[in-house]
Amino acid sequence: MKAALMYGPNDIRIEEIEKPKCPEGGFVLKVMAVGLCGSDIRNLTTDSKSGKYPHIYGHEITGIIDEISPSCTEYKVGDRLYIYPADHCMQCEPCRTGHSEMCENLGNNLDRPGGFAQYYTVLPRQIARDVIYRIPDGISYDRASLGEPLSSVYACIVRTRCLRLPVRKILRLDSAIRSLSLALVLLDVSTQN
């Protein structure tokens, strides 16, 4: 398979590597789209892995199940999925009180190969922690890959109650993609009220 491997700051190479093996209890996703997050840009342009290279980044992943473990019964080959980048335990105190961003048992998916490749492995832990979402018919993989930025924007709106601010002030608070996402969410929320 082809993958974008990082060998150091600003040293990204497209190479042929071995397709990942299907993990017991998980599956292999054929990557159809992956978002380019601001953290990806930062990680790809700095020594983010402290010399531990090569590494494959990419965490806003959508795709189709290509291969599945017989013990994984929740999904099937051909399912169109979005994989949320973090897997929170939803058991610790922060998770139970609505602060999963402070999860004490967060699954670290950034230290293993990411989605800037043709295939990505989904682990049983990710399945158990309910971080996989089916992509509805009619929604493109590209659009579905915006799930994480949109969820961040939505959480911002809900937590800060920023609907009280004029939209032009809100849009100055964040990066371009999140600002666009915020505008869309605000538009949707304002039409519902």
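Taken over region 24-36, the criterion of being touching a residue at least 60 places away in the same chain (Cβ under 8 Å) and either in contact with a Phe, Trp or Tyr (Cβ under 7 Å, 6 or more places away or on another chain) or surrounded by fewer than 19 Cβ atoms within 10 Å (Cβ to Cβ) (or both) is satisfied by E24, G25, F27, V28, L29, K30, V31, M32, A33, V34. Just so you know, in region 1-44 the residues that are out of contact with any strand residue (DSSP E or B) (no Cβ under 7 Å at 6 or more places or on another chain) and assigned to a loop (DSSP other than H, G, I, E, B) include one that is nearest to D130 (Cα to Cα), and it is G25. The residues listed here are D142, D87; of these, the one that is surrounded by 13 or more Cβ atoms within 10 Å (Cβ to Cβ) and acidic (D, E) is D87. Within region 23-71, the set of residues being hydroxyl-bearing (S, T, Y) and on the phi > 0 side of the Ramachandran plot comprises S50 only. Here the helices (runs of 4 or more DSSP H) wholly within region 81-193 that include at least 1 residues being of a type outside the set (D, E, K, R) and modelled with pLDDT under 80 are 147-160, 167-170, 176-192.
The values are calculated or read from the model by the stated rules, or taken from the named source; none is laboratory data. Keep in mind that what you see is a predicted model, and the values were worked out from it rather than measured. Please note: Cβ atoms are built from the backbone with ideal geometry, for glycine as well, and neighbour counts cover all protein chains shown.
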